[in-house]
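Report on the structure given below.
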Amino acid sequence: MTIIDQSGAFTLGERSVKRLGYGAMQLAGPGVFGPPKNHDAALAVLREAVASGVNHIDTSDFYGPHVTNEIIREALAPYPDDLVIVTKIGARRGADGSWLPAFSPQELTQAVHDNLRNLGLDVLEVVNLRIIFGVEKPVEGSIEAQVAALAELQRRDLVRHIGLSNATPTQIAEGRRICEIVCVQNHHNLAHRDDDALIDDLASDGIAYVPFFPLGGFTPLQSSTLSAVAARLGATPMQVALAWLLRRAPNILLIPGTSSLAHLHENLAAAELALPDDAVKELDSVARVGA
């Protein structure tokens, strides 16, 4: 038995993935730019994640750039049959490490080919379109041309499934008129719950929701609330925050990232953490306290 069996599973596209996965962003160097400080440690974390039962890895070729995908390929290829690698396109890195738009259909097509090459794959299981009209939060704007470009790559059997990242409900609806959208990756955590209604709507349609920044945006008061619950349960704040998200809705898939084996095991253990009802009620009040 692996240590994440109790997290359950959810269908992502056509594949069943465990709800607690792994995000590869932190395997790159500082600022998600350049190589890691310890290449062998990065390989070890990936191999240990898969050995522990993780079968959903989130990455992007603009992490590094190219660094995380190349490390994933070195560590895990030939890939296990049940492993689902999800990647993201829509940005590129400047020579100084800056994050720049790469949102034209031509740039998106090139990004798909870059991901295929650096991961060593013939087809990408899921590609998330990172919508960059706003950096800090989703901002309205048509994504018709971009989703259409991905749908064409899907018809060419280079992409199996398409997701959206940093998306508004209007953009999700626009994307779904063009092709099937299998997942949405947005900012969501205990304190930042703008997507509460969206999560429930997606769940009713069988669409995965993948939150990033699971601890981001806390004030000291909110952090104290989380820390108090964690101390009472004999867990870390990160474990409690992850467990709360797993309990929040059955379509939530988590991709906490780390470059540390110790932190990897801490994160995976969140799947075993049963939150009592009183703890959930206290945690649910965190966003209201900060309102």
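The values are calculated or read from the model by the stated rules, or taken from the named source; none is laboratory data. Small disclaimer: the values here were computed from a predicted structure and weren't measured. Every residue, glycine among them, receives a Cβ derived from its backbone with ideal geometry; neighbour counts consider all protein chains shown. Keep in mind that these areas ignore ligands, DNA and RNA; they rest on the heavy atoms of the full protein, side chains included. Shrake-Rupley method; radii C 1.70, N 1.55, O 1.52, S 1.80 Å.
Of all lysines in the structure, the ones whose alpha carbon falls short of 21 Å from that of Lys88, not counting any fewer than 8 places away in one chain, are Lys18, Lys137. Normalised by 2.2 N^0.38 Å, where N is the number of residues, the alpha-carbon radius of gyration of the stretch 105-184 equals 1.04. Karplus-derived 3J(HN,Hα) values for the stretch 50-60, using 6.51 cos²θ - 1.76 cosθ + 1.60 with θ = phi - 60°, are 5, 4, 8, x, 5, 10, 9, 10, 9, 8, 6 Hz; glycine and proline are entered as x. Using the Cβ-Cβ distance between Arg247 and Tyr79 with R0 = 35 Å, the FRET efficiency computed as 1/(1 + (r/R0)^6) comes to roughly 0.70. Based on the Stokes-Einstein relation at 25 °C and a viscosity of 0.890 mPa s, and on the Kirkwood radius from alpha carbon pairs, the chain is assigned a translational diffusion coefficient of 127 µm²/s.
Extension gain for Leu261-Asp122 works out to 47.0 nm (0.36 nm per residue, less the C-alpha to C-alpha distance). By DSSP, the beta bridges lying fully in the chain are antiparallel in about 20 percent of cases. All C-alpha to C-alpha distances of the stretch 237-291, sorted into 5 Å bins beginning at zero, yield P(r) values of 4, 18, 26, 24, 15, 10, 3, 0 percent in whole numbers. Per-residue 3J(HN,Hα) values for the stretch 111-116, derived from phi via the Karplus relation 6.51 cos²θ - 1.76 cosθ + 1.60 with θ = phi - 60°, read 5, 4, 5, 4, 5, 4 Hz in sequence order (x marks Gly and Pro).
Computed from label points 7 Å out along Cα-Cβ, the spacing between Ala173 and Ser224 is 4.2 nm.
Applying both filters, DSSP loop and at most 11 other Cβ atoms within 10 Å, to the trypsin sites (Lys or Arg not before Pro) of the stretch 122-192 gives Arg156. Each listed q (0.16, 0.20, 0.21 Å⁻¹) maps to a log10 I(q)/I(0) for the stretch 39-185, found by the Debye formula over equal Cα scatterers with no solvent: -0.85, -1.24, -1.32.
Considering helices alone, the calculated mean residue ellipticity of the chain at 222 nm is -12000 deg cm²/dmol, with DSSP H runs of length four and up weighted by -39500 (n - 2.57) and normalised per residue. The tail of the calculated P(r) for the stretch 144-271 beyond 27 Å holds 29 percent of all Cα-Cα pairs. Surface composition of the chain: carbon and sulfur atoms hold 53% of the protein heavy-atom accessible area at a 1.4 Å probe. What is the set of long-range amide H partners of Leu124 at a cut-off below 5 Å, with H atoms built 1.01 Å from backbone N? Excluding prolines and chain starts, which carry no amide H, the hits are Val159, Arg160. Accessible area per residue for the stretch 116-214, computed on protein heavy atoms with a 1.4 Å probe, is 42 Å².
Annotation: average projected area of the stretch 25-87 is 3.7 square nanometres, based on the convex hull of Cα atoms across all directions.
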